[in-house]
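Just below is one structure, and these are the notes that go with it.
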Amino acid sequence: MELMFQPLKRYVDFNGRSRRSEYWLWFLFQMIASAVFGVLKSIIGDTAELLNFIFSVAILLPSIAVGVRRFHDVNRTGWWILFPFAVFVVALIVFFSVTGTAFLNNLKSLSDIGPNPTPDQAMAMLTTLAPMGWVFLAWFAAGIVTFVFQVTDGTPGPNRFGPDPKGRGGNPNVF
């Protein structure tokens, strides 16, 4: 239970390493809080949304910090936390540089479609928006890469980011 709230104790500490259990228990804490805010929304209404927003802003920095420390544990730089975002931005740039004008023109033609599109209008929407799927596919693949790093066991013993939080890999010359 202590590991679940460890990111709050190390609020903006981007140095060192964090174990998988600390990272995933923090994730579980966020999911439980989200469920609680969902229940509160059904009870007290929009006030719960404001509380949820305040809570989300308050835990943003510790969430980023524990993610960075988790990458450190697998001997990766914390900048990997931006990898999915960077891939998304690059994919958008490539997409719009290749098909930008045609995409925007097709998007403008969809503005006439009402709430109940005909089959031809639905097909036009699909053919206009489907190429954008490649952008999300690239983003999803980058997310899988970072997910694999998050579930990988940390480097045994000390690495360039600090000592092993599990205490493995002490001095081999002790005996």
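Assorted remarks:
- Highest-fluctuation residue, Phe14, Phe161, Phe147 considered, GNM on the chain with Cα pairs under 10 Å: Phe147
- Across Gln150, Gln121, Gln30, mean-square fluctuation computed from a Gaussian network of the chain (C-alpha pairs under 10 Å connected) peaks at Gln121.
- Shape category assigned to the stretch 114-156 from the gyration tensor of Cα positions, a/c cut at 1.5: prolate
- Over the stretch 93-175, relative contact order from alpha-carbon pairs under 8 Å, at least 6 apart, %: 17
- Label-to-label distance, nm, for residues given as Asn75 and Leu60 (7 Å Cα→Cβ offset): 3.4
- For the pair Met132 and Phe85, the difference between a 0.36 nm per residue extended length and the Cα-Cα distance amounts to 15.3 nm.
- Peptide packing for 107-119, 88-100 was compared via the average number of neighbouring C-beta atoms within 10 Å per residue; ordered from the highest value, the list is 88-100, 107-119.
- Straight-distance crosslink candidates among lysines, where the alpha carbon sits under 25 Å from Lys166 and sequence neighbours closer than 8 are dropped: Lys9
- With Cα atoms, 0 to 90° folded angle of helix 46-58 axis to the chain main axis: 50
- Å² per residue, accessible surface of the stretch 1-133 at 1.4 Å: 62
- The chain: most fluctuating residue of Ile64, Ile32, Ile44 per GNM, C-alpha cutoff 10 Å: Ile44
- Stretching Phe37 away from Met1 to a fully extended chain increases their span by 10.9 nm, per 0.36 nm per residue minus the current alpha-carbon distance.
- Around Phe27: net Lys/Arg minus Asp/Glu count, Cβ-Cβ under 11 Å: +1
- On Cα atoms only, tilt of 133-151 relative to the major axis of the chain in degrees: 10
- Share of pairwise Cα separations in the chain, more than 21 Å, in percent: 65
- The fraction of accessible area contributed by carbon and sulfur in the chain is 71 percent, rounded to a whole number (1.4 Å probe; ligands and nucleic acids excluded).
- Cα-based shape type of the stretch 44-93, given that a ≥ b ≥ c are square roots of the gyration tensor eigenvalues and the cut on a/c is 1.5: oblate
- Classified by the C-alpha gyration tensor, the stretch 13-104 has an oblate form. Its axis ratio a/c, with a ≥ b ≥ c, is 1.5 or above, and a/b does not exceed b/c.
- Helix-only mean residue ellipticity at 222 nm for the chain, each DSSP H run of n ≥ 4 adding -39500 (n - 2.57), per residue, nearest 500: -21500 deg cm²/dmol
The values are calculated or read from the model by the stated rules, or taken from the named source; none is laboratory data. Worth saying up front: this structure is predicted, and the values here are computed from it rather than measured. All Cβ positions, even for glycine, are placed from backbone atoms using ideal geometry, and neighbour counts span all protein chains on display. When the accessible area is computed, the model is the full protein with side chains, heavy atoms only, and any ligands, DNA or RNA have been set aside. Shrake-Rupley method; radii C 1.70, N 1.55, O 1.52, S 1.80 Å.
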